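Everything on this sheet refers to the single structure shown next.
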Amino acid sequence: MKRIISFAFALTTIVLFSNCSHKVTRIDPAEQVDISGRWNNTDSRLVAEDMTKTILSANWITDHMASKNGQRPVVIVGFVANKSHEHIEAETFVKDVENSFVSTQKVRLVQGGKKREELRAEKADQQSNASVSSMKKFGLEQGADYILQGSINSIVDSHKRKKVVYYQTNLELTNIETNEVVWIGEKKIAKYVKN
Amino acid sequence: MKKVLPSFFATVIIMLGCLSSFSQTGLAPDQNPNYEASLAKYMNMADSLNRWHSSTQHDMYKAIDWLADRKEARADRREFRRQLRLERARWYNSGFYYNDYRGNHNRYRYHPFRGHYYSPFNRFDYWWR
């Protein structure tokens, strides 16, 4: 009888502990944790760090300021085409680049896309609802000098349970008036995954 | 001096003419005079193209991956078997199988008066007709 009771107790304990095995802990976003081998936050961070460092130290800023009487360049962010085999959201690293523009104040940034439409809609709303003194006027937006575009490509080489995944992320800065590419940033990441 | 003056005036007149033509058409120096064709084309497309600025355009491909393909094939087989089970259950409930309490598992029922089997699904073969 004692044996049965102790066995039942042990079984209950195991069941209870197995139910409590789900655990969540906060980790440092800079910590490298690779689980599946797919694109993750570490890859995004590596791309962001590399792009931010090179775009702010390249000659295009000084060249622009020299040709425009010291005026800082104005940049708008365009499309980033994900042509890889995985779902990769480019906004995670493009936002870091935008953040560096604003925080260093070397480059001026203008809003584009749906957010710009929202701004114009708000401006339109102000035309009929805001007081005349606080109403913002149309036609006074800052025009961008450069557009930031990009692409993400990948190559997968796999055999049975082994796999090498190569990601190439490119960001390009183009003069909107002349179509001249003034800067290209590139980050290559290769991973060897063994399942 | 008399020889130089006419050529000087001619040059000045030509330059003034050029300046006046630029000011009339609004062209920047070296600007293509046919730019309006492109302007008209892209003015109509600008809104639809610029809406997706600051976003990611997903144009992904399916990589050749042995392990992923195996997982996918397994999921497909499971889904097929599940659909097959659902389909069978649907047929059983509709009376297609096991429709006879006497254990007659074929789809035909025995007609007690006519002395032959008939299909309950054939509306032209009901026993009361």
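Values in this text are rule-based calculations from the coordinates and carry no lab data. Every value quoted in this text rests on a predicted model; they were computed, and no experiment measured them. Note that we place each Cβ from the backbone using ideal geometry, even for glycine, and neighbour counts take in every protein chain shown.
Data table
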{"read-out": "Boolean, residue A:113 is in contact with an Asp or Glu (Cβ under 7 Å, 6 or more places away or on another chain) and within 20 Å of residue B:57 (Cα to Cα)", "value": "no"}
{"read-out": "Meets criteria (loosely packed, with under 11 Cβ neighbours inside 10 Å, part of a strand (DSSP E or B) and touching a Lys or Arg at 6+ places or on another chain (Cβ under 8 Å)) for residue A:167", "value": "no"}
{"read-out": "Residue match in segment B:65-88 (condition: outside any helix (DSSP H, G or I), of a type in the set (A, V, I, L, M) and surrounded by 12 or more Cβ atoms within 10 Å (Cβ to Cβ))", "value": "no"}
{"read-out": "Residue in segment B:69-81 that is farthest from the other protein chains (Cβ to nearest Cβ), counting only those that are under 25 Å from the mean Cα position of the chain (by Cα) and within 25 Å of residue A:162 (Cβ to Cβ)", "value": "B:76"}
{"read-out": "Conditions (1) within 14 Å of another protein chain (Cβ to nearest Cβ); (2) under 20 Å from the mean Cα position of the chain (by Cα); (3) over 20 Å from residue A:47 (Cβ atoms): number failed by residue A:89", "value": "(3)"}
{"read-out": "Pairs with Cβ under 8 Å, 6+ apart, first in segment A:156-168 and facing chain B (nearest Cβ under 8 Å), second of a type in the set (Phe, Trp, Tyr)", "value": "A:156/A:166; A:158/B:66; A:159/B:66; A:160/B:66; A:161/B:66; A:163/A:192"}
{"read-out": "Scan of segment B:38-64 for residues that are under 27 Å from the mean Cα position of the chain (by Cα) and in a helix (DSSP H, G or I), ordered by number", "value": "B:41, B:42, B:43, B:44, B:45, B:46, B:47, B:48, B:49, B:50"}
{"read-out": "Positions within segment A:66-84 being of a type in the set (Ser, Thr, Tyr) and assigned to a loop (DSSP other than H, G, I, E, B), in sequence order", "value": "A:84"}
{"read-out": "Residue list for segment A:102-140, filter: outside any loop (DSSP other than H, G, I, E, B) and within 13 Å of chain B (Cβ to nearest Cβ)", "value": "A:109, A:110, A:113, A:114, A:115, A:116, A:117, A:118, A:119, A:120, A:121"}
{"read-out": "Residues (among the hydrophobic types (A, V, I, L, M, F, W, C) and either under 27 Å from residue A:85 (Cα atoms) or more than 12 Å from every other protein chain (Cβ to nearest Cβ) (or both)) located in segment A:143-155", "value": "A:147, A:148, A:152, A:155"}
